[in-house]
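The structure appears right after this line, and notes come after that.
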Amino acid sequence: MFYIILEVKIRSNKTYDILKWIAQILLPAVGTLYFALAGIWNLPYGESIVGTITAIDTFLGCILGISSVSYKKKEADAKEN
């Protein structure tokens, strides 16, 4: 069996907080706004654009989650020593 170890390091809390805000607030809001306006105004590629935004948002959320787990593990290891 193969194991892939992925450790994502985000260098500062400010960067983490900004990326978290983008993933939790901005991207879902932009996706919802475009989807609604595309239906009302017949804007092009509504599903494709929202699907792309959702894919990017999901990827960003995964990276932030991995980073958070890595940070918490490192912090717990430091307390043990």
The listed residue being under 13 Å from the mean Cα position of the chain (by Cα), surrounded by 14 or more Cβ atoms within 10 Å (Cβ to Cβ) and at pLDDT 95 or above, out of 49, 22: 22
Working only within the range 33-66, note down all residues that are free of Cβ contacts under 8 Å to residues at least 40 places away in the same chain, of a type in the set (A, V, I, L, M) and part of a helix (DSSP H, G or I). 33, 36, 37, 38, 40, 49, 50, 53, 55, 56
Identify the residue in the range 6-32 that is of a type outside the set (Asp, Glu) and not in a helix (DSSP H, G or I) and, among all such residues, is farthest from residue 75 (Cα to Cα). 6
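The values are calculated or read from the model by the stated rules, or taken from the named source; none is laboratory data. Here the structure is a predicted model, which means the values were calculated and not measured. As a convention, Cβ positions derive from the backbone with ideal geometry for all residues, glycine included, and neighbour counts pool all protein chains shown.
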